[in-house]
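The values are calculated or read from the model by the stated rules, or taken from the named source; none is laboratory data. These numbers were taken from a predicted model, which means no experiment stands behind them. Using ideal geometry, Cβ is built from the backbone for each residue, glycine included, and neighbour counts are taken over all protein chains shown.
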Amino acid sequence: MAKRPILILPDERLRAIAEPIEKIDDGIRQLAADMLETMYDAPGIGLAAPQIGELKRIVVIDVAKEGEEPEPLVMINPEILSYSDEVITTEEGCLSIPELYYDVDRPSEVTVRYTDLDGKDIDLHAKERLAICVQHELDHLDGVLYIDYLSRLKRDRVLKKFQKQARRAG
Ligand code: GNR
Ligand code: NI
């Protein structure tokens with residue numbers, strides 16, 4: 001396993017549409033292992049492959065609380081089948097937008113269909129933190145970041161801050 005660097009806004013790869021995975025081979029198994037290691041090290045509750053520069057439709061998630069048994073999920077080619085009507089507001093952060101947290105409204109429950117590492121097709125009904133994390137991670141596969149749901153004023157402030165940091169870092 002290897003920890004991989006996490007891309008930071010405004011890296012263009014965070015805005016790309018990721019490609020479906022056609023075959024679960026050793027390369028994909030290694031990628032999933034690297035993503036889990038990178039997520040746990042960060043630490044984060046989810047990570048999408050484009051955040052480490054791999055434009056493939058795979059995400060990893062673990063919403064188990066500290067001190068609880070780890071519950072790693074690997075979702076390949078995930079799709080949301082249905083959303084609840086009920087919407088909740090939660091504070092989100094993103095490893096690609098470090099140290100900032102903003103309230104976002106999203107459906108409180110979703111049903112997600114994905115393929116696991118054994119090639120099995122799974123339908124999972126998610127609520128609470130898992131439902132929010134699933135939506136946040138799946139957005140990454142389509143180049144969508146949670147700041148896209150903020151007011152234009154707030155989003156532009158965040159973008160400016162990171163553009164300036166990127167310029168300074170050269
Ligand atoms: O670690 C993370 N925490 C988090 C908190 C609220 C809503 C979503 C997230 S996902 C984030 C890790 C990340 O950036 N995944 O893409
Ligand atoms: Ni994120």
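Structure values in brief
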| item | result |
| --- | --- |
| Lone qualifier among Glu91, Glu71 - being within 14 Å of ligand 2 (Cβ to nearest atom) and acidic (Asp, Glu) | Glu91 |
| Wholly enclosed strands (runs of 3 or more DSSP E) of the range 94-153 bearing at least 1 residues in contact with a Gly (Cβ under 7 Å, 6 or more places away or on another chain) | 97-107 |
| Criterion (loosely packed, with under 13 Cβ neighbours inside 10 Å and modelled with pLDDT of 95 or more) met by exactly one of Asp116, Asp139, Asp148 | Asp148 |
| Any chance Ile132 is farther than 30 Å from Glu22 by Cα, within 16 Å of ligand 1 (Cβ to nearest atom), surrounded by 20 or more Cβ atoms within 10 Å (Cβ to Cβ) and of a type outside the set (Phe, Trp, Tyr) | no |
| Residue count, the range 36-85 (criterion: of a type in the set (D, E, K, R), under 16 Å from Cys133 (Cα atoms) and away from ligand 1 (no atom under 13 Å from the Cβ)) | 3 |
| Complete set of residues in the range 32-60 that are more than 14 Å from ligand 2 (Cβ to nearest atom), not in a loop (DSSP other than H, G, I, E, B) and not hydrophobic (A, V, I, L, M, F, W, C) | Asp34, Glu37, Tyr40, Asp41, Lys56 |
